[in-house]
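Colleague: Got a structure for you, written out below as structure tokens; questions coming shortly.
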Amino acid sequence: MNHDQDETDLYQQKPAIVCRDLRKSYPGKPVVEAVRGLNLQVNRGECFGLLGPNGAGKTTTIEIIEGLLQPSSGDVEVLGRSWTRDGEAIRQRIGVTLQETQLSDKLTVRETLDLFRSFYRTGITVDVAMKSVSLDEKKDARISQLSGGQKQRLAVATALVGDPELLFLDEPTTGLDPTSRRQLWEILRAIRDRGKTILLTTHYMDEAERLCDRVAIVDHGQVIALGTPRELIASVGGDHIVEFSVVAEQHSRADAFRLLALADVTSVRDEVDRWSLNSKMAHHTIPALLSYLEAENLALAGLTTRQASLEDVFVKLTGRNLKEEQTA
Amino acid sequence: MTQPSSSSSSPQHPIYHLTMARIMEFLRQPDAVFWSYFFPVLMVLALGLAFNKRQEPPVLVDIVDSQLHEKLNEALKANPRIQLKDASIEQATLRLRTGRTDLLIEKATEGSGHVYVFDPLRPESVSARSLVDDSLQRSAGRKDAVEVSDRSTSDAGGRYVDFLVPGILGMNIMGGGLWGVGFAVVQMRIRKVLKRLVATPMKKSHFLWSLLASRLVFQIPGVVIILGFAWLTFGVAAQGSMMAALVVVLLGALTFSGIGMLVACRANSIEMVSGLMNLVMLPMWLFSGIFFSTDRFPDAMQPIVQILPLTPLISALRAITLEGAGLFEPAQLMRIAILATWSLISFAVALKWFRWT
Ligand SMILES: Nc1ncnc2c1ncn2[C@@H]1O[C@H](COP(=O)(O)OP(=O)(O)O)[C@@H](O)[C@H]1O
Ligand SMILES: [Mg+2]
């Protein structure tokens, strides 16, 4: 109750989240190892993203950090505290939205927020919470009457009423239309700008790129890459991706080593129906590519160039495609 | 009138908000409200009418001689319950044996009298014989030796419907507690609301208390509607104090909410909880004396019958409404103790076993 000032400062100096060698397996016929030795540190005030395909272990990880799941082994520290000793203190200081919660359809926005507000010792008023997620117009609407985006904003508001230091969001924009996604991004940016720490999971690379200060790419229950989106993209070896295809029967006549030797190309991938080049300078690579094709007498069928993205990082690290994983 | 948007009420106690949320959810489902209150009323009405026959059953008499028929007809006219019918001896014997007539009258082989043929093991048959004989003797001029008068027990308080209403009330309390609490819990588990709630600093016991509190609130209109309806339509009135009845009703609601919580504490599908619920309720439907007295079960079964939580609930309600008993008689205290034990055990076990995620 009576927090010593020094003690509070001590907690403030600790990172928002620390995970050491986190492991979680679910019993089953083949035991599912959802998380396999995951290490993580989230600093105060940053928006941190766990990016990975479906089944990567993001939800399992975030729910362990939220204190909802017991890890099989490993340590978790949240706001400098451990779940076993200071569970109540942590819960008072975090806000959570789960991947799939269907709040009671029959209640209104205000009633729902009044309920969640009553659980916290301190917090913001329900009106402020509604305003911060642009739901003040809908305060007396039943949840059944809300759109998907409005429901998701309400879920965020239920996490905000306790005025948390740390906010958790599991796949906050999955299933939303583009307008609702952008609206939610705005809301989350505003929350981060007020000095809150955010940990979110997503399988959208654009979401991680635009929203997160730092990103951990998660695959098969482990962090396979960590850094700011810029750093991660730079690590692919080039800001640009040049993709081209030749008429199908000539595809195999293009030579990977010759392509790699072209100006400013840092890596080459054979995508079966096309070739993909990482390039430091697209305007150097493209003329060189065209002369190569001319010299080899290959007929160009398609040529695109774009900025490299986290998607390319994932592809480079795993040899798989984030999007393909989702449909599989 | 909408409230001005600036008037954000400061939060009340979590139990208040959790309970209000349950009440609002219930009230905003008009069909659920309708069925949970209308069904028991329908049951009282149907059974009350079925067993509340205003006229006594007719006494069926077959006569195998038409001359005799005429003679007796005159004498028995005074009693409208007696219905005479001509029949051949074969027909009449068959009808008597198969219970389609109560009494057979034939001419005596000697003298001018007649013979009653009846089944001494069948109560209707025995009473038909004495009723017919009595009417005949009186019309022939017999006088009663002792003066007597009758008082009917079909007066309010002694009829089947008076017995039935506490049974229906008990059944309503059992169903309401089990379905109301059990269903709500499983639904919240499936929709991940429970998981969302444990991610907040909410105290788990507050959540469980609010389930009980909302159940008590829902039960009060249920009692008022059932008792009010029974009183208005059949004149069913309690002999004992309404306060005592209310205490027992609330204790019952508490007990069955606890049992509902226990049944739902691990279930994670509607099918599973429905199955468990029916399994738990079936023995009480059969053995707890909703529709007839538990005295009819053999002595060997009594320990089981009496320990089922619905039995002491209904018995205590009947003692209050039919006999005017209070709460502090030994038999009543025993019933209250059984109910309280059930509610304590089920609540404690549910709290321990409850699965939130
Ligand atoms: N309760 C559970 N029981 C068994 N396996 C589970 C359970 N929850 C998740 N898994 C498995 O663990 C892996 C990681 O799941 P999850 O953490 O939900 O991944 P993500 O959120 O990244 O999609 C998946 O293979 C999933 O099937
Ligand atoms: Mg997930």
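The values are calculated or read from the model by the stated rules, or taken from the named source; none is laboratory data. All values reported here derive from a predicted model rather than from experimental measurement. Note: ideal-geometry Cβ built from the backbone for every residue, glycine included; neighbour counts use all protein chains shown. For the accessible areas, the whole protein counts, side chains as well, though only heavy atoms, and no ligand, DNA or RNA atoms are used. Shrake-Rupley method; radii C 1.70, N 1.55, O 1.52, S 1.80 Å.
Colleague: Restricted to segment A:151-182, and to residues that are open to solvent by less than 10 Å² (accessible area, probe 1.4 Å) and away from every other protein chain (no Cβ under 14 Å), which residue is nearest to ligand 2 (Cβ to nearest atom)?
Modeller: A:Pro172
Matching residues to (1) in a helix (DSSP H, G or I); (2) open to solvent by less than 40 Å² (accessible area, probe 1.4 Å); (3) of a type in the set (Val, Ile, Thr); (4) in the same structural domain as B:Val186 (by TED's automatic domain parsing):
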{"residue": "B:Val280", "(1), (2), (3), (4)": "yes, no, yes, yes"}
{"residue": "B:Met284", "(1), (2), (3), (4)": "yes, yes, no, yes"}
{"residue": "B:Phe291", "(1), (2), (3), (4)": "no, no, no, yes"}
{"residue": "B:Val305", "(1), (2), (3), (4)": "yes, yes, yes, yes"}
{"residue": "B:Leu344", "(1), (2), (3), (4)": "yes, no, no, yes"}
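Colleague: Which members of segment A:113-133 meet the condition of being within 9 Å of chain B (Cβ to nearest Cβ), open to solvent by 50 Å² or more (accessible area, probe 1.4 Å) and closer than 21 Å to B:Lys203 by Cβ?
Modeller: Selection gives A:Arg121 alone.
Colleague: Report yes if some residue within segment A:37-50 is more than 30 Å from A:Ala190 (Cα to Cα), within 16 Å of ligand 1 (Cβ to nearest atom), in contact (Cβ under 8 Å) with a residue 60 or more places away in the chain and assigned by TED's automatic domain parsing to the domain that holds A:Trp83; otherwise report no.
Modeller: yes
Colleague: Still on this structure, I have one more. Name the pairs whose Cβ atoms lie under 6 Å apart, with the first residue in segment A:85-112 and at the interface with another protein chain (Cβ under 7 Å from one of its Cβ atoms) and in contact (Cβ under 8 Å) with a residue 24 or more places away in the chain, the second among the polar types (S, T, N, Q) and open to solvent by less than 20 Å² (accessible area, probe 1.4 Å), and 6 or more positions between them or separate chains?
Modeller: These pairs meet every condition: A:Leu103/A:Thr112.
Colleague: A further question follows. Scanning for something within 16 Å of ligand 2 (Cβ to nearest atom), assigned to a strand (DSSP E or B) and either under 27 Å from B:Met202 (Cβ atoms) or within 14 Å of another protein chain (Cβ to nearest Cβ) (or both), does segment A:54-72 turn up at least one residue?
Modeller: Looking for residues that are within 16 Å of ligand 2 (Cβ to nearest atom), assigned to a strand (DSSP E or B) and either under 27 Å from B:Met202 (Cβ atoms) or within 14 Å of another protein chain (Cβ to nearest Cβ) (or both), one finds none in segment A:54-72, hence no.
Colleague: Same structure again: Looking only at segment B:242-260, decide whether some residue is in a loop (DSSP other than H, G, I, E, B) and either surrounded by 13 or more Cβ atoms within 10 Å (Cβ to Cβ) or on the phi < 0 side of the Ramachandran plot (or both).
Modeller: no
Colleague: Let me ask another. What are the pairs with Cβ atoms under 7 angstrom where one residue, in segment B:10-25, is over 17 Å from B:Gln219 (Cβ atoms) and the other, located anywhere, is open to solvent by 30 Å² or more (accessible area, probe 1.4 Å) and small (Gly, Ala, Ser)? Sequence gap at least six, or different chains.
Modeller: B:Ile15/B:Ala213
Colleague: Sticking with this structure for a sec: Considering only residues that are surrounded by fewer than 18 Cβ atoms within 10 Å (Cβ to Cβ) and either under 20 Å from B:Ile173 (Cβ atoms) or at pLDDT 90 or above (or both), which ones fall in segment B:30-42?
Modeller: B:Ala32, B:Val33, B:Phe34, B:Trp35, B:Phe38, B:Phe39, B:Leu42
Colleague: Can you name the condition, by its number, that A:Arg36 falls short on among (1) within 14 Å of ligand 2 (Cβ to nearest atom); (2) touching a strand residue (DSSP E or B) at 6+ places or on another chain (Cβ under 9 Å); (3) open to solvent by 10 Å² or more (accessible area, probe 1.4 Å)?
Modeller: (1)
Colleague: What do you reckon, is B:Asp150 open to solvent by 10 Å² or more (accessible area, probe 1.4 Å), of a type outside the set (Phe, Trp, Tyr), touching a helix residue (DSSP H, G or I) at 6+ places or on another chain (Cβ under 9 Å) and not assigned by TED's automatic domain parsing to the domain that holds B:Gln29?
Modeller: Values: open to solvent by 10 Å² or more (accessible area, probe 1.4 Å): yes; of a type outside the set (Phe, Trp, Tyr): yes; touching a helix residue (DSSP H, G or I) at 6+ places or on another chain (Cβ under 9 Å): no; not assigned by TED's automatic domain parsing to the domain that holds B:Gln29: yes.
Judged against the criteria, B:Asp150 is not a match.
Colleague: Which members of segment A:183-225 meet the condition of being under 19 Å from A:Ala34 (Cα atoms) and either away from ligand 1 (no atom under 14 Å from the Cβ) or open to solvent by 40 Å² or more (accessible area, probe 1.4 Å) (or both)?
Modeller: Within segment A:183-225, A:His220, A:Gln222, A:Val223, A:Ile224, A:Ala225 meet the criteria.
Colleague: For B:Ile63, state whether it is over 21 Å from B:Gly175 (Cβ atoms) and of a type in the set (A, V, I, L, M).
Modeller: yes
Colleague: Taking the condition of being touching a residue at least 12 places away in the same chain (Cβ under 8 Å), more than 7 Å from ligand 1 (Cβ to nearest atom) and not β-branched (Val, Ile, Thr), how many residues in segment A:25-36 meet it? Spell out how you get there, then give the answer.
Modeller: Initially, segment A:25-36 is screened for residues touching a residue at least 12 places away in the same chain (Cβ under 8 Å), giving A:25, A:33-36.
This time we only want the ones that are more than 7 Å from ligand 1 (Cβ to nearest atom), so: A:25, A:33, A:35-36.
After this cut, where a residue has to be not β-branched (Val, Ile, Thr) as well, the list is A:25, A:33, A:36.
Result for segment A:25-36: 3.
Colleague: Report yes if some residue within segment A:43-58 is over 15 Å from A:Glu171 (Cα atoms), crowded, with 21+ Cβ neighbours inside 10 Å and at pLDDT 95 or above; otherwise report no.
Modeller: The answer is no, given that none of the residues of segment A:43-58 is over 15 Å from A:Glu171 (Cα atoms), crowded, with 21+ Cβ neighbours inside 10 Å and at pLDDT 95 or above.
Colleague: I'd like to verify a number: residues in segment B:56-114 that are touching a Lys or Arg at 6+ places or on another chain (Cβ under 6 Å) and surrounded by 13 or more Cβ atoms within 10 Å (Cβ to Cβ), how many?
Modeller: 7
Colleague: Oh, and also: The conditions are (1) assigned to a helix (DSSP H, G or I); (2) more than 16 Å from ligand 2 (Cβ to nearest atom); (3) buried (at least 21 other Cβ atoms within 10 Å of the Cβ); (4) not basic (Lys, Arg), and A:Ser104 fails exactly one of them. Which is it?
Modeller: (1)
This table checks each residue for (1) closer than 30 Å to A:Glu33 by Cβ; (2) in contact (Cβ under 8 Å) with a residue 40 or more places away in the chain; (3) touching a Gly at 6+ places or on another chain (Cβ under 6 Å).
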{"position": "A:Glu231", "(1), (2), (3)": "yes, no, no"}
{"position": "A:Val236", "(1), (2), (3)": "yes, yes, no"}
{"position": "A:Gln250", "(1), (2), (3)": "no, yes, no"}
{"position": "A:Asp270", "(1), (2), (3)": "no, no, no"}
{"position": "A:Ser291", "(1), (2), (3)": "no, no, no"}
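Colleague: What's the number of the only condition in (1) modelled with pLDDT of 95 or more; (2) in contact with a strand residue (DSSP E or B) (Cβ under 8 Å, 6 or more places away or on another chain); (3) open to solvent by 30 Å² or more (accessible area, probe 1.4 Å) that A:Gln99 fails to meet?
Modeller: Checking A:Gln99 against (1) modelled with pLDDT of 95 or more; (2) in contact with a strand residue (DSSP E or B) (Cβ under 8 Å, 6 or more places away or on another chain); (3) open to solvent by 30 Å² or more (accessible area, probe 1.4 Å), the one that fails is (1).
Colleague: Tally the residues that are open to solvent by 20 Å² or more (accessible area, probe 1.4 Å), within 14 Å of another protein chain (Cβ to nearest Cβ) and not in a helix (DSSP H, G or I), restricting the search to segment B:200-241.
Modeller: Within segment B:200-241, residues that are open to solvent by 20 Å² or more (accessible area, probe 1.4 Å), within 14 Å of another protein chain (Cβ to nearest Cβ) and not in a helix (DSSP H, G or I) number 1.
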